[in-house]
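What follows is a single structure, and I will ask about it in a moment.
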Amino acid sequence: GAVSEEASAMRDVDLLMAAFPDQHPAVRQLLRDQVDEYVDAEWPVMAEGQATLTVAPARLVQVQAVVLGLPIQSEGQRVAQDRLVTSIDRALESRRTRLALSSSAIDPFRLTALFLVALTTLAATGCVHADRLRRAAVALALLATAMALALTLLCAQAAPFAGYFAIGPDLLLQVRPAP
């Protein structure tokens, strides 16, 4: 969700800058360079869970400075500038959320506790259906499959930018302004 929101906000900036044709090419280049930096530099660091908020996205901050200094000549441009500021703020907030999520992890103690709850539930189900082996086998197989899927999804969500189920920068690349 954070990546989608960030991509949407950056796309809004690109579209709204059309109200300012003189500054639009420079802002498009800044957005393009920012997306490239996200893909080339930030994504690998996020995959390792080492991303921090200490470094601000320089080009997006430059876009913000350009937007705040835009010469307003009409009411439409004033509205566009307000929406540009809002979109840049959304992009920055979504980036903060994305970086915070990249360092999230499942506490091993909680994961172990969840695994033990699953095993206990399987044992209890087996005891309840012990008098009918076929029913017990079906119930245990279904329950074990559901638990395995739940644990797999939980582990996949623990590191959203790494591993087989990793979230990639595809959405940001889709909204990257063309040269």
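The values are calculated or read from the model by the stated rules, or taken from the named source; none is laboratory data. The structure presented is a predicted model; accordingly, all values stated were derived computationally and were not measured. No Cβ is skipped: glycine too gets one built from the backbone with ideal geometry, and neighbour counts run over all protein chains shown. To get the accessible areas, we keep the full protein, side chains included, count just its heavy atoms, and leave off ligands, DNA and RNA. Shrake-Rupley method; radii C 1.70, N 1.55, O 1.52, S 1.80 Å.
If I filter the range 147-163 down to residues being modelled with pLDDT of 80 or more and surrounded by 12 or more Cβ atoms within 10 Å (Cβ to Cβ), which single residue comes out as farthest from the chain's Cα centre (by Cα)? Give the derivation first.
Narrowing the range 147-163 to residues modelled with pLDDT of 80 or more: 147-150.
Applying the additional criterion that residues be surrounded by 12 or more Cβ atoms within 10 Å (Cβ to Cβ) yields 147, 150.
Values: 147: 26, 150: 21 Å.
In this case the residue turns out to be 147.
Determine which member of the set 112, 145, 125 is in contact with a helix residue (DSSP H, G or I) (Cβ under 6 Å, 6 or more places away or on another chain) and not hydrophobic (A, V, I, L, M, F, W, C). Outline the logic, then answer.
Numbers: 112 fails: in contact with a helix residue (DSSP H, G or I) (Cβ under 6 Å, 6 or more places away or on another chain); 145 fails: in contact with a helix residue (DSSP H, G or I) (Cβ under 6 Å, 6 or more places away or on another chain).
One residue alone meets the criteria, 125.
Turning to a different aspect of this structure: So, in the range 4-28, how many residues would count as being in contact (Cβ under 8 Å) with a residue 60 or more places away in the chain and surrounded by fewer than 18 Cβ atoms within 10 Å (Cβ to Cβ)? First the steps, then the outcome.
If we filter the range 4-28 for residues that are in contact (Cβ under 8 Å) with a residue 60 or more places away in the chain, which is where we start, we get 4-14, 16-17, 19-20, 28.
Right, trim to surrounded by fewer than 18 Cβ atoms within 10 Å (Cβ to Cβ) and you get 4-5, 8.
Here the count works out to 3.
Next up: For the range 29-54, how many residues are part of a helix (DSSP H, G or I) and open to solvent by 40 Å² or more (accessible area, probe 1.4 Å)? Even if it seems obvious, please write down each step before you answer.
Taking the range 29-54 and keeping what is part of a helix (DSSP H, G or I), we get 29-47.
From what's left, open to solvent by 40 Å² or more (accessible area, probe 1.4 Å): 29, 33, 36-37, 40-41, 44-45, 47.
Counting residues in the range 29-54 that are part of a helix (DSSP H, G or I) and open to solvent by 40 Å² or more (accessible area, probe 1.4 Å) gives 9.
Across the range 116-140, which residue is surrounded by the fewest Cβ atoms within 10 Å (Cβ to Cβ) among those that are of a type outside the set (Gly, Ala, Ser) and touching a residue at least 12 places away in the same chain (Cβ under 8 Å)?
121
A follow-up question, please. Can you name the residue in the range 62-115 that is of a type in the set (Gly, Ala, Ser) and at pLDDT below 85 and is also least open to solvent (accessible area, probe 1.4 Å) among such residues?
Looking at the filtered set, the residue picked out is 102.
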